[in-house]
Amino acid sequence: MHNKQRLVFGYLALIPAIIVFAVFIVYPVFNTFYLSFCNYRTQTIRQGAKFIGLANYAQMFGDDKMWTALKFTVLFTLISVVLESVLGMLCALIMNRQGKTRALVCAMILIPWCIPTVVSGLMWNYIFAESYGILNFLLQILGVTSQPVRWLTDSRYAFLSILISDVWKTVPYMSLLMLSALKTVDSSYLEAAQIDGANKVQSFFKISMPCMKPIILVAVMFRTIQSFRIYDLIRVLTNGGPQGKTTSLTIYTITQYTTYGNMGYGAALAVLTFIISMIIAVCFQDGVKSKLEV
Amino acid sequence: MQAVQRKPGRSVGGQIGLGTFTVLFVLLIVAPFVWLLLAAFKSGKELYSMPVQILPSAFNLQNFKDAFSVQPLLKYVVNSIVVAVVSTVMIIIIASLVSFSLARTQIKGKRLVLLMLLSISLLPPVTILNPIYLMMSNLKMMNTTLGLALVLVAIELPTAAWYLMSFFQTIPDALEESAMIDGANVVTIFCRILMPLVAPGVFTVSIMTFIAVWNNYLFASVLNPSKKARTVTVALTMYAGETTTPWNTIAAAAIVACVPLVIMVLICQRRIVSGMVDGAVKG
Amino acid sequence: MKRILSLVLCLMMVLSLAAVAHADDKVTINFYCNPSKNGGVEAAVAAFEAANPGIHVEIVEFSSDTNQKKTTLSSIFQAQDDSADVFMMDCTWPDEFISAGWLLPLDGLYTEEELAEFIPGIMDICFGADGSMYAIPEYLNAGVLVYRKDLLAKYGYEPAKTWEELIEQCKVIQEGEAKEGNPISGFTSAWLEYEGLTCCAFEFMWDYGAKFAAEGKCTLDSAEAQQGLAIMRRMVEEGVTDAGIRGYKWADSQAIFNAGSAIYMRDWPSAYKNAINPEKSSVSENVGVTVLPSGTAGSFTTNGGWYIAVNAFTSHAEEAKTFAKFICGYEGQVAYSSKSGDLPTRPATYSDPAFEGTMTAQLYDIALTTTSRPSSAYYSEISAEIYTNAALVADGAKTPEEATADMTKNIQAILDR
């Protein structure tokens with residue numbers, strides 16, 4: 001719809017967002033990029049930020065701990081996003097069913113998301129605790145295990161524990177998005193399909209999914225980016241242990257930045273995270289691109 | 001628009017099976033929260049007893065009383081509500097405008113705007129903390145609910161904008177075209193036609209944004225450290241000492257902190273789930 | 001829609017008005033401190049304000065997370081902000097903060113005699129390389145050994161004086177209790193890979209004569225340090241330590257002991273306080289406390305204390321210094337410690353009537369002998385080396401020799417920066 005008025009409105013509508021961006025973001029983002037090329041630590045902060053070119057990046061690529069963190073983060077992101085998307089869709093389908101108890105079911109499914117991550121982490125700590133945790137207690141009663149499982153301190157289980165807590169917290173988020181996506185599907189199409197003899201599964205995949213595509217793509221994109229940047233949950237549960245095996249890239253970044261005060265190196269790590277996240281976004285965006293050129 | 005009728009071939013057994021699955025699934029999801037709830041009623045001893053004691057010996061409210069007496073929890077809840085409401089309203093307004101512009105107009109440079117918006121979310125917040133702190137400090141907006149709300153607008157805006165944009169994309173062009181033929185200008189189309197159509201999307205994004213702002217920890221703790229402006233999420237970490245963690249009090253405080261969120265979700269989910277959109281889209 | 005908008009705008013205006021603090025003719029200084037323990041900070045502040053009517057102290061609490069405290073302070077200092085005037089500092093931060101130029105020099109605040117009134121072993125950290133004083137010790141924490149009186153009495157033991165003795169006692173008691181169908185752990189503490197483990201590891205290494213560094217060279221690659229780490233591994237191997245010890249922070253370890261599942265616990269005095277509290281502990285009547293067991297070189301305990309410092313960018317330097325001196329002074333420490341249970345840093349206070357009959361008086365000897373962890377601007381990284389390697393030794397993944405070699409090499413690299 002080509003229309004001058006529309007075009008003007010389109011540009012004007014961008015202004016508030018651009019103001020927000022200019023005020024709050026431009027300087028901090030550029031500052032971080034600049035610092036990544038500097039030697040800037042709290043210990044030598046009085047000497048200011050010394051420009052050292054790509055030295056931080058060279059150090060980063062030679063840093064084993066960074067590669068370990070990167071591998072962990074990639075693996076975790078892949079598994080958690082797939083799990084959360086599938087389970088989210090499943091929940092959305094449950095929430096979409098008609099029925100008297102729907103409101104209650106919906107509310108209950110959304111509860112995990114309402115709990116602040118700080119509390120959620122503490123809660124899972126309490127559940128996964130080796131001696132007084134309810135999970136080990138139940139497993140022993142049910143006869144599944146004879147020895148207490150070291151959920152958070154055994155490298156075999158730590159990954160799983162973090163995955164469980166993350167999935168638990170995020171499935172409501174995904175299901176809500178998927179549900180609203182389901183609601184945008186025109187039911188007349190579904191009716192037509194049903195009359196033509198398609199069963200539920202077929203109409204779901206052939207009709208509903210294509211209609212929901214833009215929303216699902218954005219949801220999965222954001223979820224991937226957020227998962228890649230996981231920090232709070234791991235911090236409270238395992239703090240990157242045991243022996244650094246559950247350290248995500250962001251945990252490593254913040255450890256360098258805050259705990260060690262090495263802000264130049266931390267900034268370089270942050271830029272790495274930024275670039276990878278941007279690549280993820282661009283990949284997904286290409287999927288949405290076709291819809292953008294209306 | 002009525003619900004699609006169940007096909008006659010579907011057996012009662014199938015429905016019971018599905019129902020049971022749903023019940024089990026939902027119970028599994030709610031179980032950890034129930035455990036938290038029980039912890040809020042237990043005394044320090046019962047919390048860590050071995051073997052694990054499932055039910056508290058008495059449902060006394062001591063932990064809740066402690067939660068309110070150790071810290072002014074109610075004030076914190078109010079602060080959180082104010083910050084979250086102001087942020088969410090501002091974000092929805094700005095994001096709706098941006099996403100309409102990106103999804104339904106022919107402006108140039110869309111990709112740039114999208115990526116610009118996204119760049120905010122891609123850096124670990126701690127790296128942009130210091131410049132923002134400096135700015136807030138210079139503006140004398142530290143320890144104010146408004147200041148925090150504004151900062152969180154910047155932080156949570158991208159997600160809201162991207163999602164709303166995808167909701168806008170689901171509306172067929174035919175609707176707008178017919179409205180334009182009827183002589184409506186773009187502002188009217190935006191306010192009277194498009195916004196109501198993406199209403200479930202707006203409610204969804206509102207809940208998401210509200211919860212994200214409510215749960216924000218880093219900026220809330222650094223920008224609003226004083227008691228008068230503290231938010232409840234930050235306050236939850238104040239109960240622990242250096243070497244002791246009164247888990248039962250924290251659990252009680254956490255329950256209190258969740259209540260407004262759960263209420264909000266209950267109210268809003270009806271608007272989303274009730275399917276206001278059905279039928280309207282066909283035109 | 002328009003009405004909602006105008007309502008929101010009104011709300012925002014009201015809020016911004018509410019945000020403006022109303023003026024006061026007193027000077028207000030902000031004191032950033034740890035979360036209040038039983039009103040300790042409030043008591044000390046009240047005493048100060050009574051003695052100094054022209055100054056009002058605003059208490060701003062940190063979260064309990066040490067990293068978060070550091071983030072908050074770091075932001076304040078990097079912005080050269082004056083919002084924190086006086087603040088509490090963990091004993092491992094002074095070097096870093098001093099080298100960053102974030103602390104106001106406190107020269108002239110104390111005379112030589114006044115400085116001697118503090119416990120000597122903890123004063124080194126207060127001074128920077130330039131000889132100026134930057135911090136004042138407010139309270140300390142010393143590691144103690146908490147034990148089950150009833151179990152030791154049942155088997156005819158006195159609290160262990162050495163680690164070897166502790167191991168033998170535990171093995172006997174654990175076997176005996178297991179036979180009665182009451183399996184129990186011998187020793188519990190916080191051996192999770194974090195600062196707590198560094199405290200414990202240092203204690204073990206010091207107990208066997210290890211020294212951290214001499215003349216700028218890290219000397220941990222020694223037989224003494226290896227012995228210290230070896231005893232940790234021995235405790236795990238022989239089943240003396242609790243099964244989950246490598247996952248515990250202090251609170252978890254206390255939970256185990258308070259539920260009656262351990263014979264000995266190494267923790268801070270506040271843990272003893274919890275253990276004898278019937279509301280928190282199932283074994284409250286059977287708990288005793290004593291000095292930590294010794295190795296071949298004696299018994300050492302890590303200082304987990306907190307110091308007071310003044311922000312270099314404060315706009316109320318005089319008032320801030322006055323407050324800092326008061327809260328670390330005799331009256332301030334008595335007011336604070338009598339409520340919070342933390343240990344004062346002035347020997348004279350221990351005989352104050354306020355502490356009579358309390359645990360504080362009991363711990364006087366222990367308090368005098370606490371040892372500080374090494375001070376360095378890069379302490380966090382050094383600590384990470386120590387706890388990572390100690391954890392690997394405890395898990396049996398590295399021998400003590402390998403661990404001390406790696407540790408020393410990496411720490412030396414840090415010290416050489």
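The values are calculated or read from the model by the stated rules, or taken from the named source; none is laboratory data. What you see is a predicted model; the values in this text were computed from it and never measured. In this analysis, Cβ positions are derived from the backbone assuming ideal geometry, glycine residues included, and neighbour counts consider all displayed protein chains.
For segment C:230-249, taking the residues that are buried (at least 21 other Cβ atoms within 10 Å of the Cβ) and at the interface with another protein chain (Cβ under 7 Å from one of its Cβ atoms), the one that is farthest from C:N303 (Cα to Cα) is identified as C:G244.
Annotation: of all residues in segment B:224-235 being facing another protein chain (nearest Cβ under 7 Å) and not in a helix (DSSP H, G or I), the one that is nearest to A:L176 (Cα to Cα) is B:P225.
Here B:S221 clears all of (1) in contact (Cβ under 8 Å) with a residue 40 or more places away in the chain; (2) assigned to a helix (DSSP H, G or I); (3) within 26 Å of B:P131 (Cβ to Cβ) except the condition numbered (1). Considering segment A:105-129, and only residues there that are among the small types (G, A, S) and under 17 Å from the mean Cα position of the chain (by Cα), the residue that is farthest from B:V23 (Cα to Cα) turns out to be A:G121.
Taking first residues from segment C:338-353 that are within 18 Å of C:V144 (Cα to Cα) and partners that are in a loop (DSSP other than H, G, I, E, B) and of a type in the set (S, T, Y), the Cβ contacts under 9 Å between residues at least 6 apart in sequence or on separate chains come to C:S340/C:S36; C:G341/C:T358. Quick check on my filter: what residues within segment A:118-150 are within 11 Å of chain C (Cβ to nearest Cβ), out of contact with any helix residue (DSSP H, G or I) (no Cβ under 7 Å at 6 or more places or on another chain) and in a loop (DSSP other than H, G, I, E, B)? If the condition is that a residue be within 11 Å of chain C (Cβ to nearest Cβ), out of contact with any helix residue (DSSP H, G or I) (no Cβ under 7 Å at 6 or more places or on another chain) and in a loop (DSSP other than H, G, I, E, B), then A:Q147 is the only one that fits.
Here B:Y239 meets each of (1) buried (at least 24 other Cβ atoms within 10 Å of the Cβ); (2) under 14 Å from the mean Cα position of the chain (by Cα) with one exception, condition (2). Only one of the listed residues (A:L78, A:L104) is within 30 Å of B:N248 (Cβ to Cβ) and surrounded by fewer than 16 Cβ atoms within 10 Å (Cβ to Cβ). That residue is A:L104. Only one entry of A:P148, A:P214, A:P210 meets the criterion of being buried (at least 17 other Cβ atoms within 10 Å of the Cβ), within 24 Å of the chain's Cα centre (by Cα), more than 18 Å from A:T117 (Cβ to Cβ) and not hydrophobic (A, V, I, L, M, F, W, C), and that entry is A:P214. Residues in segment B:191-217 that are of a type in the set (V, I, T) and part of a helix (DSSP H, G or I): B:I193, B:V202, B:T204, B:V205, B:I207, B:T209, B:I211, B:V213.
Within segment C:336-350, the set of residues being buried (at least 24 other Cβ atoms within 10 Å of the Cβ) and of a type outside the set (V, I, T) comprises C:Y336, C:S337, C:D342, C:L343, C:P344. Of the residues making up segment A:166-175, one or more are in contact with a Leu (Cβ under 6 Å, 6 or more places away or on another chain), in a helix (DSSP H, G or I) and surrounded by fewer than 19 Cβ atoms within 10 Å (Cβ to Cβ). Scanning segment B:24-75 for residues that are within 24 Å of the chain's Cα centre (by Cα), small (G, A, S) and either within 14 Å of chain C (Cβ to nearest Cβ) or assigned to a loop (DSSP other than H, G, I, E, B) (or both) turns up B:A40, B:A67. Scanning segment C:362-390 for residues being within 12 Å of chain A (Cβ to nearest Cβ), hydrophobic (A, V, I, L, M, F, W, C) and touching a helix residue (DSSP H, G or I) at 6+ places or on another chain (Cβ under 6 Å) gives a total of 3.
If you go through segment A:1-52 and keep only what is small (G, A, S), under 15 Å from B:V98 (Cβ atoms) and either at pLDDT below 85 or surrounded by fewer than 13 Cβ atoms within 10 Å (Cβ to Cβ) (or both), you end up with A:G10, A:A22. What is the number of the single condition among (1) in a loop (DSSP other than H, G, I, E, B); (2) surrounded by 23 or more Cβ atoms within 10 Å (Cβ to Cβ) that B:A253 does not meet? B:A253 satisfies every listed condition except (1).
In the set C:G341, C:G357, only one residue is modelled with pLDDT under 90, farther than 28 Å from C:L229 by Cα and within 19 Å of the chain's Cα centre (by Cα); that residue is C:G341. Identify, please: which residue in segment B:164-185 is in contact with a Gly (Cβ under 7 Å, 6 or more places away or on another chain) and buried (at least 19 other Cβ atoms within 10 Å of the Cβ) and is, among those, farthest from A:D186 (Cα to Cα)? Taking the candidates together, the pick is B:L164. Among residues of segment C:125-143 that are charged (D, E, K, R), those with a Cβ under 7 angstrom from a residue that is not in a strand (DSSP E or B), sequence gap 6+ or separate chain, pair up as C:E138/C:I327; C:E138/C:C328; C:E138/C:T345. When B:P200 is tested against (1) under 25 Å from A:S36 (Cα atoms); (2) facing chain A (nearest Cβ under 7 Å), exactly one condition is not met: (1).
Residues that are among the hydrophobic types (A, V, I, L, M, F, W, C) and under 20 Å from A:G264 (Cβ atoms) were ranked within segment B:110-138; the one that is surrounded by the fewest Cβ atoms within 10 Å (Cβ to Cβ) is B:L134.
Applying the condition of being within 12 Å of A:W67 (Cα to Cα) and not in a loop (DSSP other than H, G, I, E, B) to segment A:232-252 and asking which residue is farthest from the chain's Cα centre (by Cα) yields A:Y252.
Criterion applied to C:A50, C:A23 was being away from chain B (no Cβ under 12 Å) and modelled with pLDDT of 90 or more, and the one residue passing it is C:A50. In the set B:T159, B:T144, B:T188, only one residue is surrounded by fewer than 23 Cβ atoms within 10 Å (Cβ to Cβ) and at negative phi; that residue is B:T188. Under the condition of being surrounded by fewer than 16 Cβ atoms within 10 Å (Cβ to Cβ) and closer than 30 Å to C:Q174 by Cα, which residue from segment C:97-153 is farthest from the chain's Cα centre (by Cα)? Step by step, filter segment C:97-153, then rank; the result is C:A153.
Could you tell me whether A:A158 is within 14 Å of chain C (Cβ to nearest Cβ), among the aliphatic types (A, V, I, L, M) and crowded, with 18+ Cβ neighbours inside 10 Å? Yes, satisfied.
Counting only helices (runs of 4 or more DSSP H) wholly contained in segment A:1-108, the ones carrying 2 or more residues that are in contact (Cβ under 8 Å) with a residue 60 or more places away in the chain and either within 14 Å of chain B (Cβ to nearest Cβ) or touching a Ser or Thr at 6+ places or on another chain (Cβ under 6 Å) (or both) occupy A:27-35, A:64-96. Residue-level check: of (1) at pLDDT 60 or above; (2) surrounded by 11 or more Cβ atoms within 10 Å (Cβ to Cβ), C:V14 misses just (1).
Filter segment C:250-305 for residues that are polar (S, T, N, Q) and either in a strand (DSSP E or B) or more than 11 Å from every other protein chain (Cβ to nearest Cβ) (or both); which is surrounded by the fewest Cβ atoms within 10 Å (Cβ to Cβ)? In this case the residue turns out to be C:T296.
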